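Taking it in order: structure first as structure tokens, then the write-up.
The values are calculated or read from the model by the stated rules, or taken from the named source; none is laboratory data. All values derive from a computational prediction rather than experimental measurement. Ideal geometry is used to build each Cβ from the backbone, glycine not excepted, and the neighbour counts take in all protein chains shown. SASA here: full protein model, heavy atoms, side chains in, ligands and nucleic acids out. Shrake-Rupley method; radii C 1.70, N 1.55, O 1.52, S 1.80 Å.
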Amino acid sequence: MPVKKRLANLVGKASALPARIRRLILERLDFERAKLEAENSILQAKVASLAGVVGELGVRYSESSREYEDKILKSHAAASLAGSDGPIRHPDSWVNFSDLSRIRDYKPTYRFDGPFVNGNHKFYSECPTGLMDIGFCINVGIDGFLSRADALKLYELAYFCEGEILELGTHKGLSTSILCQALSDARSRHFLETVDIDESANREARKNVKNRPGGQLARFNLIDATRFMDGLIGQNRKFALIFVDHWHGYQATYEAAQRSKKLLAPGGFVIFHDFNDPSNLDLQSDYGVYRAVIDSLIPDKDFEFYGIYGCCALFRKIS
Ligand SMILES: C[S@@+](CC[C@H](N)C(=O)[O-])C[C@H]1O[C@@H](n2cnc3c(N)ncnc32)[C@H](O)[C@@H]1O
């Protein structure tokens, strides 16, 4: 029952009482009603000011992403004129904050003959999907939330990468198995460091990855991703590829992006899962991948946007 109606009922009940008690009770009820009204108007003012903050943040992110879009399109034109034969950028795949949408197509970053690197790469373009009744999730025997385009991009980046790989968020080993298989297919001598905080998922991941191609190349770590990255920075380790997929919140993603600056070797790639997930649009949800990447990498002249594939955004450390 609404508070006002309950108060009116109480006033009705009080009128049946002796006059002195009735007066005392009515005074008290008046006092409580005034207090409630004051609290209600404070609450409404707070909600109005929160709505203002949310609106301002929305404008800020659509403006910064629009400015960025102009910048990358200009620099892309310059790169095409220069006739670069290095890795391929797809700046036109950029999405503005207000246009975030779920899945983009796979397009190659490296130059190779045909649409796929090899048969194992092609497999991810036609593998079964629908895992856990989620239409886009690939179904290759390990639980996880990767689309075909995500899997194709991870395989390709690992296949061609010329250094160690760092993965944040092992879960049950789906992306780990794809990265390891690509390293193995490329006869790479490099390793993959993967980190997670969930002990039981990690046990499953070790089992899942162990007997798959390249499984012996994975080093499993059970520790918070930010702390793990700090340790690697302390050891002066460098990586050719970093896959960020541990937590979709702003703080965790921002910390990972900032630390990637120190951990990537020049020419290395960092790829963020969930970047174009529409949940990032809700500024009150815990999704903050898009905003964290914009805040960390876009002001940094050493990083260049390479493209969006599946749910992932790819950036390269250019110097
Ligand atoms: C989306 S899943 C990773 C999926 C995996 N990359 C795949 O494709 O199969 C996210 C994982 O990150 C882990 N995680 C969450 N917060 C973390 C943190 N602060 N440090 C390390 N791992 C974290 C979770 O336990 C979870 O297993």
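Summary of values
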item: Residue check, residue 163 in the same structural domain as residue 243 (by TED's automatic domain parsing) and within 9 Å of the ligand (Cβ to nearest atom); result: no
item: Residues (surrounded by 12 or more Cβ atoms within 10 Å (Cβ to Cβ) and part of a loop (DSSP other than H, G, I, E, B)) located in the range 13-33; result: 17
item: Lone unmet requirement of (1) assigned to a loop (DSSP other than H, G, I, E, B); (2) touching a Cys at 6+ places or on another chain (Cβ under 8 Å) for residue 107; result: (2)
item: Residues of the range 174-223 satisfying the condition of being over 20 Å from residue 162 (Cα atoms) and of a type in the set (A, V, I, L, M); result: 174, 195, 197, 201, 205, 209, 222, 223
item: Filter result (open to solvent by 30 Å² or more (accessible area, probe 1.4 Å), of a type outside the set (Ser, Thr, Tyr), more than 16 Å from the ligand (Cβ to nearest atom) and at pLDDT 95 or above) within the range 170-192; result: 185, 186, 187, 191
item: All positions within the range 240-256 that are closer than 12 Å to residue 195 by Cβ, open to solvent by less than 40 Å² (accessible area, probe 1.4 Å) and not small (Gly, Ala, Ser); result: 242, 243, 244
item: Test: residue 198 is within 13 Å of the ligand (Cβ to nearest atom), more than 28 Å from residue 128 (Cα to Cα) and surrounded by fewer than 17 Cβ atoms within 10 Å (Cβ to Cβ); result: no
item: Test: residue 202 is of a type outside the set (D, E, K, R) and at pLDDT below 95; result: no
item: Residue match in the range 154-166 (condition: on the phi < 0 side of the Ramachandran plot, open to solvent by 50 Å² or more (accessible area, probe 1.4 Å) and without any contact (Cβ under 8 Å) to a residue 24 or more places away in the chain); result: no
item: Residues satisfying the stated conditions in the range 229-258, i.e. within 20 Å of residue 157 (Cβ to Cβ), touching a Leu at 6+ places or on another chain (Cβ under 9 Å), outside any strand (DSSP E or B) and within 12 Å of the ligand (Cβ to nearest atom); result: 229, 245, 246, 256
item: Considering residues of the range 215-228 that are touching a Ser or Thr at 6+ places or on another chain (Cβ under 9 Å) and either β-branched (Val, Ile, Thr) or open to solvent by less than 60 Å² (accessible area, probe 1.4 Å) (or both) only, the residue farthest from the ligand (Cβ to nearest atom); result: 217
item: Residue 208 vs. criteria among the polar types (S, T, N, Q) and either more than 15 Å from the ligand (Cβ to nearest atom) or within 28 Å of residue 119 (Cβ to Cβ) (or both); result: yes
item: Filter pass, residue 121 being at positive phi, in the same structural domain as residue 260 (by TED's automatic domain parsing) and buried (at least 17 other Cβ atoms within 10 Å of the Cβ); result: no
item: Test result for residue 105, open to solvent by 50 Å² or more (accessible area, probe 1.4 Å) and at pLDDT below 95; result: no
item: Options 26, 50, 57: the member that is without any contact (Cβ under 8 Å) to a residue 24 or more places away in the chain, among the aliphatic types (A, V, I, L, M) and touching a helix residue (DSSP H, G or I) at 6+ places or on another chain (Cβ under 9 Å); result: 26
